[in-house]
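Take a look at the structure below.
The values are calculated or read from the model by the stated rules, or taken from the named source; none is laboratory data. Nothing here was measured: the structure is a model prediction, and the numbers come from that model. Methodologically, a virtual Cβ is constructed for each residue, glycine included, from the backbone with ideal geometry; neighbour enumeration extends over all protein chains shown. For accessibility, only protein heavy atoms count, side chains too; no ligands or nucleic acids. Shrake-Rupley method; radii C 1.70, N 1.55, O 1.52, S 1.80 Å.
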Amino acid sequence: MNVDESNKILRYLGLPQDSVPNPHDSPLDFLQQNLSYLPPHILNSLSSIIPPQQRTSIARIRNRRQKYTSTSPAEFAWANARQTWPLLWEGRERRGQEEASDERDWASHEFMATTEGRKPYVGKLADLLSEYEEEREAERVRDLRRARAEQEAMIPEEDEDTDSDDEPEVPPEPVDEEPLDVRKAEFEAMIRQRFVYGHLENADYDRIDWDDSWDGNYSESEEERWFDDEEES
């Protein structure tokens, strides 16, 4: 943020241009002190210079995110979250089955309503569309994994101890896989936690962070204690 934009925000709040902290030099500290007094259009101008992970240090913003996740938003439900953040889901089932099922249902019901008398052809279309959609989703996940592997390959490896080659390899112990329902619940909990702490890529943080309707009867001291208890546990 340049000095002119910073001064405009200070003027809006009736603060002098030499006020400290200010949006130009210390945007996060400025936001901490003035979050309650800034309208959405000014807060949105701070989004690009204060990323979601940094905003997590502000208790009021964490509280808003926590309140939002407690409403069980559909975007964080397993079926939707797995599609949006496929690299965070470690399930072994074939990718694209949910999407394929949706395509098959659409062709069998919505499309069928306009093609009465041609049911055999509709059935074949439903199967074909479901196969295309399953392969499309599987390819998307493969591309994401390939991109992540390429990024990781660019990270230089640390020098290993020369004696490590003499150490015998210990095979990993077999792990009993938990039931699918348990893994789904754990995945959803992980997605909600990553959102609260600003680690969920491509999530719409501004919509929650800048919305004071999530404050309710907000008490900063109580909120700080809540997060302190969570970290201790």
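If S108 satisfies all but one of (1) at pLDDT below 95; (2) assigned to a loop (DSSP other than H, G, I, E, B); (3) open to solvent by less than 60 Å² (accessible area, probe 1.4 Å), what's the number of the condition it fails?
Evaluating S108 over (1) at pLDDT below 95; (2) assigned to a loop (DSSP other than H, G, I, E, B); (3) open to solvent by less than 60 Å² (accessible area, probe 1.4 Å) leaves (2) as the failure.
Can you say whether P120 is surrounded by fewer than 18 Cβ atoms within 10 Å (Cβ to Cβ), out of contact with any Asp or Glu (no Cβ under 6 Å at 6 or more places or on another chain), modelled with pLDDT of 90 or more and not charged (D, E, K, R), as far as the supplied structure shows? Before the answer, list the steps.
Values: surrounded by fewer than 18 Cβ atoms within 10 Å (Cβ to Cβ): yes; out of contact with any Asp or Glu (no Cβ under 6 Å at 6 or more places or on another chain): yes; modelled with pLDDT of 90 or more: no; not charged (D, E, K, R): yes.
No.
So which residues in region 46-82 are open to solvent by 10 Å² or more (accessible area, probe 1.4 Å) and assigned to a loop (DSSP other than H, G, I, E, B), if there are any at all?
S47, S48, I49, P51, T56, S57, S70, T71, S72, P73, A77
Take the residues of region 1-20 that are open to solvent by 80 Å² or more (accessible area, probe 1.4 Å), part of a loop (DSSP other than H, G, I, E, B) and not acidic (D, E): which is nearest to R60 (Cα to Cα)?
Kept after step one, since they are open to solvent by 80 Å² or more (accessible area, probe 1.4 Å), are these residues of region 1-20: 4-5, 8, 11-12, 17-18, 20.
Of the ones still in play, those that are also part of a loop (DSSP other than H, G, I, E, B) are 17-18, 20.
With not acidic (D, E) added as a condition, the list becomes 17, 20.
Numbers: Q17: 26, V20: 21 Å.
Going through the qualifying residues, I end up with V20.
Taking D204, is it of a type outside the set (F, W, Y), at pLDDT 55 or above, within 18 Å of the chain's Cα centre (by Cα) and assigned to a loop (DSSP other than H, G, I, E, B)?
On the way: of a type outside the set (F, W, Y): yes; at pLDDT 55 or above: yes; within 18 Å of the chain's Cα centre (by Cα): yes; assigned to a loop (DSSP other than H, G, I, E, B): yes.
For D204, the condition - of a type outside the set (F, W, Y), at pLDDT 55 or above, within 18 Å of the chain's Cα centre (by Cα) and assigned to a loop (DSSP other than H, G, I, E, B) - is met.
Go through (1) assigned to a helix (DSSP H, G or I); (2) of a type outside the set (S, T, N, Q); (3) open to solvent by less than 10 Å² (accessible area, probe 1.4 Å) for L28 and report which single condition fails.
(3)
Could you check P23 against (1) open to solvent by 20 Å² or more (accessible area, probe 1.4 Å); (2) in a loop (DSSP other than H, G, I, E, B) and say which number it fails?
(1)
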